[in-house]
Amino acid sequence: MVASGWYMGLAAALFTIGALGILLRRNALVMFMCIELMLNAVNLTLISAGRVMNDLNGQVAVFFILVVAAAEVVVGLAIIVAIFRRRATASVDELSELHG
Amino acid sequence: MVEALLFVLMALGALAGAVTVVVARNSVYSAMGLLATLFSVAVLFVVQLAHLVAAVQVIVYAGAVMTLFLFVIMLIGVDLSEAFDERLPRQRLWVGGLAGLVIILAGVVTVSGEFEWVPAAAPETIVESTNGTVQAIAEPLFTEWVLAFEATALLLTIAAAGAIALAHFRRVRV
């Protein structure tokens, strides 16, 4: 059996890569994919923690996260498409109307 | 032994996919990298006895969500996302320094041995209590978490209606 610390380490690495993507990329779609990446890393953490603690509620929490993430993707992509129709760009640097 | 082999293979796949998401210039490649990561993590879920969650991950995420992503990439245009330049030299320097700092901090904490991943960790796993079959997940889902379950049902309805409202774009005549 692989110690759950390795799973947690992998999840931490995935989360870090996703956070780096958010900071480095300026394409709204790629940033959105990085958010999904971070959510998946957290799911992996919850599952391995649940296994170590002999608790099924970790998996139930992951189930809920998956459902909410699906709803989030639907709304987020609709927003990106609506912005693209109005502005013809997917770069977040172009969206600066609310900039002070 | 089998679990160790699977873990190494799938961890490499997941990390390679994640790096592809961030590095790839073409957003279709990013989507494919994310797909690889999702599949690898699904295999790791199965290894950790989370059968239902792994199935949901493959069906909902790798199936529905990635299809939606690819649809939007095609809608927005592949070549356009490649065209704009993404040169943020100062930001890259800052992020690189920050990442190095975090890695050093994590290494120091881990090596010094002061850190426990799960404080209340049981010494050995009882397979029966964490075997995430459909029946096992359904029992807490429909007793303890039934209110959250109903709330997510409501949330999905609202999200679908909101997406339709956003996508239903009336062209403003000016």
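Throughout, read-outs are computed from the coordinates displayed, never taken from laboratory work. Just so it is clear, the model here is predicted, and its values are computed rather than measured. Every residue, glycine among them, receives a Cβ derived from its backbone with ideal geometry; neighbour counts consider all protein chains shown.
Worth a mention:
- Estimated vicinal HN-Hα couplings, Hz - the stretch B:9-24 in sequence order (Karplus 6.51, -1.76, 1.60; Gly, Pro = x): 4, 6, 5, 4, x, 5, 5, 4, x, 5, 5, 4, 4, 7, 8, 4
- Note on B:Asn26/A:Leu95: beta-carbon distance plugged into 1/(1 + (r/R0)^6) with R0 of 22 Å gives a FRET efficiency of 0.50.
- Here the peptides B:18-29, A:27-38 are ranked by packing, the mean other Cβ count within 10 Å, and the order with the highest first is A:27-38, B:18-29.
- Counting only DSSP H runs of at least 4 residues, each contributing -39500 (n - 2.57), and dividing by the residue count of the protein assembly as shown, the helix-based mean residue ellipticity at 222 nm comes to -24500 deg cm²/dmol.
- Placing unit charges on the Cβ atoms of the charged side chains and taking the dipole of chain A about its Cα centre, the candidate lying farthest along the positive direction among A:Gly18, A:Ser96, A:Ala3 is A:Ser96.
- Partner chain coverage, peptide B:39-48 - average Cβ within 10 angstrom: 5
- Cα pair count fraction exceeding 21 Å, expressed as % - the stretch A:27-91: 38 percent
- Computed from the Kirkwood radius of its Cα pairs, the Stokes-Einstein diffusion coefficient for the protein assembly as shown at 20 °C and 1.002 mPa s stands at 106 µm²/s.
- Nonlocal amide H pairs with B:Asn131, under 5 Å, H built at 1.01 Å: none
- Scoring B:98-104, A:41-47, B:136-142, A:51-57 by mean Cβ neighbours within 10 Å over their residues and listing the highest first yields A:41-47, A:51-57, B:136-142, B:98-104.
- What you get for the protein assembly as shown, charging only the Cβ of Lys and Arg (+1) and of Asp and Glu (-1), is a dipole of about 1260 debye around the Cα centre.
- Counting only other chain Cβ atoms within 10 Å of each residue's Cβ, the peptide B:7-18 averages 4.
- Using θ = phi - 60° and Karplus 6.51 cos²θ - 1.76 cosθ + 1.60, couplings along the stretch A:72-83 (whole Hz; Gly, Pro as x): 4, 5, 4, 5, x, 5, 5, 5, 4, 5, 5, 5
- Per-residue mean of foreign Cβ neighbours for A:2-14 is 6 (Cβ atoms of other chains, 10 Å radius).
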